[in-house]
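Read through the structure below, which is laid out as structure tokens, and then see the notes.
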Amino acid sequence: MPVVCSSCEKKNAVLKRPKTGFSLCKDCFFWAFEEEVHQTISSARLFTAGETVGIGASGGKDSTVLAHVMKVLNERYGYGLDLMLLSVDEGITGYRDDSLETVKRNQQQYDLPLKIVSYQELYGWTMDAIVKQVGLKNNCTFCGVFRRQALDRAAMMLKVDKICTGHNADDVAETVLMNFLRGDIARLRRCTAITTGSEGAIPRCKPLKYAYEKEIVLYAYFKKLDYFSTECVYSPNAYRGHARAFLKDLESIRPSSIVDIIHSGENLSVKEDVKMPVQGTCVRCGYISSQKLCKACVLLEGLNRGLPKLGIGKHHKLHHKLLAQEPLTEKEEKKLKAVDF
């Protein structure tokens with residue numbers, strides 16, 4: 001027997017919301033989803049009229065839904081934003097080149113400007129080349145660091161005021177778990193922030209922070225949005241995957257686990273005597289960093305020297321040698337090469 005929509009009580013329901021358990025028709029679900037994103041944006045005052053906002057676009061479901069919803073809400077509520085798409089080509093054959101075709105179609109569908117930057121032009125390396133040198137164990141570290149900086153560089157080229165990304169509730173909860181398991185107090189303290197980068201970098205915000213991944217998939221499916229759904233060929237061994245599997249198990253038992261973990265991170269308190277990193281700028285490239293050299297510069301130095309382990313873990317004691325372009329000792333090089341990637 002058909003279930004009637006619990007909101008309008010007129011049409012038959014087509015889905016049961018994972019987030020609330022309510023049975024809704026398509027139109028009521030679309031409205032509820034969009035209104036919740038609008039509430040997130042307005043309550044956190046994410047944007048100011050007249051700003052140029054870059055939407056991080058990968059072609060995946062999250063960024064595609066974000067672009068669609070941002071355009072809808074910008075027109076519905078008169079945000080007064082100048083929207084554009086920012087995309088990064090990591091250089092992953094058979095994955096990113098295909099997903100970028102989706103981004104280009106999105107550009108036409110949403111009538112938004114698009115800027116694409118590549119690892120090759122920015123760093124002289126593609127992810128395919130990096131993986132050949134470092135293997136599949138730590139490659140996500142390189143990609144994450146380079147992509148973040150590449151997105152900022154694209155935003156600077158276009159004089160963007162803010163960047164918004166498609167990070168959803170599941171992503172934020174996974175990050176809380178990862179930082180907790182690593183004992184990374186500094187990142188644990190700031191990973192739930194809806195806006196980051198206000199200390200000097202281009203501010204980033206997460207309009208989908210409280211949107212469940214399952215509901216994003218449902219929204220994209222029922223809206224028939226054009227998105228790329230293939231997983232990155234280099235990500236199966238990523239540490240995040242273990243946190244994601246654990247979170248999915250928790251969600252199956254208690255659906256509110258996702259938002260509960262986010263609220264735990266938001267309400268985290270740190271003792272006053274705990275020493276936190278002080279943000280500065282990289283002396284080489286000028287990017288924000290808590291060390292003399294930013295992570296991207298250290299990773300690049302390691303790749304160019306044939307010592308990729310140089311950027312994995314903590315090697316701050318070697319930074320002065322890197323800055324002075326001094327060769328490492330035989331013992332230091334041996335230590336960095338004797339690593340199981």
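General observations
- Structural descriptor for the chain: relative contact order 17 percent, calculated from alpha carbon pairs under 8 angstrom and at least 6 residues apart.
- Neighbours of His242 by Cβ distance under 13 Å: Lys/Arg scored +1, Asp/Glu scored -1, total +2.
- Mean ellipticity per residue at 222 nm, deg cm²/dmol - from DSSP H runs of n ≥ 4 across the chain, formula -39500 (n - 2.57): -14500 deg cm²/dmol
- Relative compactness, the stretch 155-252, computed as alpha-carbon Rg over 2.2 N^0.38 Å: 1.22
- Percent of C-alpha pairs per 10 Å bin in the stretch 167-221, short distances first: 23, 43, 28, 6.
- Protein-only accessible surface order, largest first, of Thr175, Thr48, Thr93, Thr20 at 1.4 Å: Thr93, Thr48, Thr20, Thr175
- Cα long-axis angle, helix 26-43 against the chain (0 to 90 degrees, to the nearest 10): 50
- Cα long-axis angle, helix 295-304 against the chain (0 to 90 degrees, to the nearest 10): 50
- Kirkwood-based shape ratio for the stretch 1-128, expressed as Rg/Rh from alpha carbons: 1.08
- Total charge dipole magnitude, the stretch 19-94, about the Cα centre, Cβ charges on Lys, Arg, Asp, Glu only, Debye to nearest 20: 200
- Nearest-ten-degree value, helix 239-253 long axis tilted from longest Cα axis of the chain: 30
- Members of Lys61/Lys223; Lys137/Lys206; Lys19/Lys248; Lys162/Lys214 lying beyond 18 Å, as alpha-carbon distances in this model show: Lys137/Lys206; Lys162/Lys214
- Just so you know, the Rg over Rh for the stretch 119-201 is 1.00, from Cα atoms, with Rh as the Kirkwood radius.
- Fraction of accessible area attributable to carbon and sulfur, the stretch 105-249 (%, probe 1.4 Å): 53
- Whichever aspartates and glutamates have a C-alpha closer than 12 Å to that of Lys331, once near sequence neighbours (fewer than 8 apart) are set aside: none
- Across the stretch 57-117, the relative contact order, built from alpha-carbon pairs under 8 Å that are at least six residues apart, equals 42 percent.
- Choice from Tyr210, Tyr119, Tyr221 with maximal GNM fluctuation in the chain (Cα, 10 Å cutoff): Tyr221
- Principal axis dimensions, the stretch 75-219 - Cα atoms, whole angstrom, descending: 48, 36, 34
- The chain - charge dipole about Cα centre, Lys and Arg +1 at Cβ, Asp and Glu -1, debye rounded to 20: 680
- Kirkwood Rh, angstrom, the stretch 196-274 [1 / mean 1/r, Cα pairs]: 16.0
- Across q = 0.06, 0.09, 0.11 Å⁻¹, the chain modelled as identical point scatterers on its alpha-carbon atoms has Debye log10 I(q)/I(0) values of -0.24, -0.53, -0.80, in the order of the q list.
The values are calculated or read from the model by the stated rules, or taken from the named source; none is laboratory data. What you see is a predicted model; the values in this text were computed from it and never measured. Cβ atoms come from the backbone with ideal geometry, glycine included; neighbour counts cover every protein chain shown. Protein only, heavy atoms only, side chains kept; ligands, DNA and RNA dropped before computing areas. Shrake-Rupley method; radii C 1.70, N 1.55, O 1.52, S 1.80 Å.
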